[in-house]
Protein chains: 2
Amino acid sequence: MNDAAYGEFVAFAEGLAETSGEILRRYFRAPFEIDDKPDASPVTPADREAESRMREIIAATYPEHGVCGEEFAPVRLDAEFVWMIDPLDGTKSFITGKPLFGTLIGLLHRGRPVVGIIDHPALGERWVGGVGQPTAFNGARVGVRACVSLAKAVLYTTTYETFEGADREAFDRARKAVRLPMYGGDCYAYGLIASGFVDLIIETDHGPDDFFPLVPVIENAGGLMTDWSGAALTMESDGRVVAAGDEKVHAEALALLNGEHAP
Amino acid sequence: MNDAAYGEFVAFAEGLAETSGEILRRYFRAPFEIDDKPDASPVTPADREAESRMREIIAATYPEHGVCGEEFAPVRLDAEFVWMIDPLDGTKSFITGKPLFGTLIGLLHRGRPVVGIIDHPALGERWVGGVGQPTAFNGARVGVRACVSLAKAVLYTTTYETFEGADREAFDRARKAVRLPMYGGDCYAYGLIASGFVDLIIETDHGPDDFFPLVPVIENAGGLMTDWSGAALTMESDGRVVAAGDEKVHAEALALLNGEHAP
C-alpha cells in the first residue's frame, strides 16, 4: 500500500470527527449535578454516545477493521487496520467548562500509526495528520519550528498531579531546564507543537487510544513522538510520552528524563 | 451615584474590549522569532498598541478619569473614577498559541471596583460584571454554583511555578484538599467561576490591573474575591488572591492557606 492510499482514510476520519463533535457540543456546559467522581455522569453519556456512533460508522464502512476505544471492549486488534478512538480526551477540562478538550481519532496499519486527528469541537479547530501528506490545521499546512536547545524550549504538560515518585523527579529535571514550562494544555498542546508554537510535551498516563492519534499529527508536521526511552509507541508502551518539534530538544529531554543532569 | 448609573460605563468598557480584541487578534499566532525573554517582542507591540488605543479612547471620552495599566505610567490615580486595564492577561498563553488569554478592563469608583470585563478575543467570549446588574456571559445572565465544601470543589490555578516557599506549602495544602485541582486557566478560569463550572481559584502575583477587573465579574455572579487574609482587594494588596463561588469554600480555603490543617 503506498502512502497516498491513506488519503481515503483521512477523509473518513474527518467525518468521524464531525460526528463526535456534534455529540460533544450538545453535552458541553449543559447543566448537571456535581458528582464526587469527576468522570461520572453526564460525561459518560457524552463519551459513550460519541464512541458508539463512531463505532457504528466504522463497522458499516470497514467491517473488517479493528477498533480500540475508551468506553467499550476492543474488537479485531489483529486486523490489518485498527482504529484508535478517544471521543473525549481532556474530560476534566470538559466538565469544568474549559474548551481545550478534544476528540482523538487514529488509524494503525499493521501497528504503525498512519492517520491522526485532533479535533476541538468547542473551538472549531482541527489538526489532521496522515502519512504521505503534511499535517494541516483547519485545512492549512503547518509545521514544527526549529529549537536549538532545551534551554530555549516551551514545554507543556496538562497537570503536575499525574507525576509521582521518580516520574515527578524526572519531570522536575526537565521543567527546570526549559525556557518556559506551561500547564493545562490537554491534547490541544500537541496541535500547538505541530503548528510551531510549542517545542516539547512530557506526559504520563496515556493509553494507546490517546497517543496513537497524536503521532501522525506530530510526525507529519516534522516532529517526533516516542516513549521516555526514545522508542516508538506501541500497544505495549507504558503510557509515558515525549513529543517534540526539534530532534535536539527531544534528545535533551530524553537524557534528563533518564537521569542525566543538565550541563 | 446610584448603582444603575454604572450601566453607561459598562457599555463604554465593552467598546474598549472590542478595540483591544481587534488588535490582539491581529498579533495572535502571527509568525515571530523565539526570544529568550518570554515577554519580549512581538508581545510588547500587541500589549502596547492595545493599551495605547484604550487610553486614547478613555482620555477622549472621560478626560477627568484616571487610568492604571500594565505598559504605561498611571495617571490621575486620585480621580473619582479610575480605569484598570490589562490589555493582554495570559501573555505566556498568547505567545504559545493557546487562546485562553484575555483583555481585562475594570473601573474603580472611589476605590471600589464597580465594572469588570474579561474578554477573550480569540474565542469570541466575554464576561461582563457591573454593580447593579447580574454578570453576563456573551449577553446571557450567569451565576456561581453552590458547593458544600472544599472537598467537593474544582480548583483552578494558572501554574505551579509562581508559588514559592511558604506560598507553595499553603497552595499544596489547598490543592490536596479539593476534589479536582486544575491548571492553565489564565483569566478564563475566573469567568468559569462566574458561570458555575469552577468553585475556587488560588493565585499569586496579581497586580491591581489584573485583579480589579475580575472582582465585579465574580461578585455580581454571586461569588467572592479577596486576598489570602480574606480582606477586600485594594491598590495596596500583595497580589495573592482567592476567588470562590460559594462562601463556605472561600472560608475553608482561607483557613488552609493561613496554616490551619484540613480536618
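May I ask you to derive the relative contact order of chain A, considering only C-alpha pairs under 8 Å and at least 6 residues apart, and to give it as an integer percent? Let's see the in-between values first.
Values: 586 pairs, mean separation 45.8, N = 263.
The value is 17 percent.
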Report summary line: Listed residues A:28, A:212, A:101; largest mean-square fluctuation, Gaussian network over chain A with Cα springs below 10 Å, found at A:28
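Taking every DSSP beta bridge that has both residues in chain B, what percent is antiparallel when rounded to the nearest 5?
Numbers: 33 of 43 bridges.
Antiparallel bridges make up about 75 percent of those DSSP assigns within chain B.
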**Report entry** Shielding by partners - mean other protein chain Cβ count within 10 Å, residues of A:173-182
**Finding:** 3
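Which percentage, to the nearest 5, of the DSSP beta bridges contained in the protein assembly as shown is antiparallel? Walk me through the numbers before you get to the answer.
Numbers: 66 of 86 bridges.
Counting DSSP beta bridges with both partners in the protein assembly as shown, the antiparallel share is about 75 percent.
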Query raised in the report: How far is residue B:161 from the same spot in each other copy, in nm, shortest first, if each label point sits 7 Å from Cα toward Cβ?
Result: 2.1
Query - Most fluctuating residue given options A:232, A:140, A:253, as computed from a GNM of chain A linking Cα atoms under 10 Å - result: A:140
Requested in this report: Find the centroid of the Cα atoms in the stretch A:182-209 and in the stretch A:48-122, then give the distance between the two in whole Å.
Outcome: 18
Query raised in the report: Hey, which residue of B has the C-beta nearest the axis mapping B onto A, and what's the distance in Å?
Result: B:184, 1
Query raised in the report: For chain B, what is the charge dipole size about the Cα centre, in debye to the nearest 20, if Lys and Arg each add +1 at the Cβ and Asp and Glu each add -1 at the Cβ?
Result: 860
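Given a Förster radius of 35 Å and the C-beta distance between residue A:72 and residue B:166 as r, what FRET efficiency does 1/(1 + (r/R0)^6) yield to the nearest 0.05? Numbers along the way, then the final one.
Working: r = 48 Å, r/R0 = 1.37.
Given R0 = 35 Å and the Cβ-Cβ separation, E is 0.15.
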Query raised in the report: About its Cα centre, what dipole magnitude does the stretch A:3-141 give when the only charges are +1 on Lys and Arg Cβ and -1 on Asp and Glu Cβ, stated in debye to the nearest 20?
Result: 300
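What's the average, rounded to a whole number, of partner chain beta-carbon atoms within 10 Å of each residue's beta-carbon in A:149-162? Please list the in-between numbers first.
Details: counts 0, 0, 1, 3, 1, 6, 1, 3, 2, 3, 6, 5, 6, 0.
Mean partner-chain Cβ count within 10 Å for A:149-162: 3.
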Query - For the pair A and B, total buried accessible area rounded to nearest 100 Å², probe 1.4 Å - result: 3200
Report summary line: GNM on chain A, Cα springs under 10 Å; top mean-square fluctuation among A:50, A:60, A:177 goes to A:60
Query raised in the report: Relative to the other copies, what are the label-point distances for residue A:75, with labels 7 Å from Cα along the C-beta vector, expressed in nm at one decimal and sorted shortest first?
Result: 6.9
Report task. Sort the stretch A:3-141 into rounded, prolate or oblate with this rule: let a ≥ b ≥ c be the square roots of the eigenvalues of the Cα gyration tensor; rounded if a/c is under 1.5, and if a/c is not under 1.5, prolate when a/b is larger than b/c, oblate otherwise. Result -> oblate
Query - Dipole of chain A, positive end: most advanced residue of A:193, A:57, A:118 [Cβ charges, Cα centre] - result: A:193
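Would you work out if the protein assembly as shown is rounded, prolate or oblate? Take a ≥ b ≥ c from the square roots of the eigenvalues of the alpha-carbon gyration tensor; rounded if a/c is under 1.5, else prolate when a/b is larger than b/c, oblate otherwise.
Working: a/c = 1.73, a/b = 1.66, b/c = 1.04.
The shape class here is prolate.
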Query - Anisotropy class of the stretch B:137-201 from Cα gyration tensor, a/c 1.5 cut - result: oblate
Query raised in the report: Hey, for residue A:229 with labels 7 Å out along Cα-Cβ, what do the inter-copy distances come to in nm, ordered shortest first?
Result: 5.6
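The values are calculated or read from the model by the stated rules, or taken from the named source; none is laboratory data. Note that the coordinates shown come from a computational prediction; the quantities given were computed from them, not determined experimentally. Positions of Cβ are generated from backbone atoms using ideal geometry, with glycine treated the same way; all protein chains shown enter the neighbour counts. Accessible surface is based on the protein model in full, side chains and every heavy atom, while ligands, DNA and RNA are left aside. Shrake-Rupley method; radii C 1.70, N 1.55, O 1.52, S 1.80 Å.
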